[in-house]
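S.K.: Please read through the structure below; I'll follow up with questions.
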C-alpha cells in the first residue's frame, strides 16, 4: 500500500515513515494533478543533482534536513518549507540521524547527477 | 512578506500561521512550477464548492480539519494528508476552534460554489 497512492484515502505521514531507519528511500503517497507528493526518508547524504524540468519543494516533518546549494546550505527544521527551483544544483542530507520530509514535484521529474 | 512568496526562502509554517485567530484566511507561501502552496487557517466553516480544473491536497499542521464530501466526512489530524480530486464537491471546517493546513493546488485553480 505504501507504494501505491490510493485516491480519497487519508495518508498518515508518521505511520508511512515508520520502519525506515537506514539508508535513503522515498515513495509516492498522493497524486495532485500532474504532480506527486512523496515521503522522503534519509539517514545518509544524497548525491549532488538537479532537476531540469521541475521545481522541487521540501517540507520537513521529522528531524532536520540540510539542503546544500552551490553558495550556501539551508537548514530545515520540522515545520519548515523550502522550494528548490528547477536547474538549481543541490544535495540533501540529514543533520542528525534521520530526516523525514514531504516533497512536491512534477510526476515526470527528471534528475541529472552532477 | 506573508502574501508574497519569495524564491529560495525558508517558510516557517507555525510562524506564518500565527496571529490568525478568527475567520478564514489563506495565502500563498511558495510556487512550485504551475502549482502553489498555501497556508489555510480557519476557525469557521467554509462553503460547499468544487474545483473543476484542479485537484486540491490538504496537509493538516495544527488542530483537526473536517473535509465534508457528499457521502462522508474525512477527519484530518495534524500530520495527515488528503487529496480531493477535481470536480468533487467538498466543504472544509475546523473540528475544534482553529485548524491550520497546507494546501497544494494549481495556481490558476477555479472555484465553483454549490
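Values quoted throughout were computed directly from the atomic coordinates according to the rules given, and no laboratory measurement underlies them. Please read all numbers here as calculations on a predicted model, not as lab measurements. In this analysis, Cβ positions are derived from the backbone assuming ideal geometry, glycine residues included, and neighbour counts consider all displayed protein chains.
S.K.: So how long is each side of the protein assembly as shown along the principal axes, counting just the alpha-carbon atoms, biggest first, in Å?
M.R.: Cα spread of the protein assembly as shown along its principal axes, largest to smallest: 50, 40, 30 Å.
S.K.: Something else now. Relative contact order (percent) for chain B, with alpha-carbon contacts under 8 angstrom and 6 or more residues of separation?
M.R.: 31
S.K.: List the extent of the Cα atoms of segment B:73-114 along each of their three principal axes, largest first, rounded to whole Å.
M.R.: Cα extents, longest axis first: 28, 21, 15 Å.
S.K.: Moving on to the next point. Order by neighbour count: B:44, B:62, B:105, B:75, fewest other Cβ atoms within 10 Å first, most last.
M.R.: B:44, B:75, B:62, B:105
S.K.: Could I ask something else about it? Inter-copy label distances at residue A:114, 7 Å along the Cα→beta-carbon direction, one decimal in nm, shortest first?
M.R.: Listed shortest first, these distances are 4.5 nm.
S.K.: Binning every alpha carbon pair distance of chain B at 5 Å from zero, what are the percents per bin?
M.R.: In order of increasing distance, the bins hold 2, 12, 22, 26, 21, 12, 4, 1, 0 percent.
S.K.: Follow-up. Could you calculate the contour length gain from residue B:34 to residue B:15, that is, 0.36 nm times the residue separation minus the distance between their Cα atoms, to one decimal place in nm?
M.R.: 4.3 nm
S.K.: As a test of the formula, what do you get for the protein assembly as shown when each DSSP H run with n ≥ 4 contributes -39,500 (n - 2.57) and the sum is divided by the residue count, at 222 nm and rounded to the nearest 500 deg cm²/dmol?
M.R.: -1000 deg cm²/dmol
S.K.: Quick one: length gained pulling residue B:25 to residue B:93 fully straight, 0.36 nm per residue minus the C-alpha distance?
M.R.: Between residue B:25 and residue B:93, full extension yields 23.3 nm more.
S.K.: Let me ask you something else. Using r as the Cβ-Cβ distance of residue B:64 and residue A:49, and R0 as 45 Å, what FRET efficiency do you calculate, to the nearest 0.05?
M.R.: 0.75
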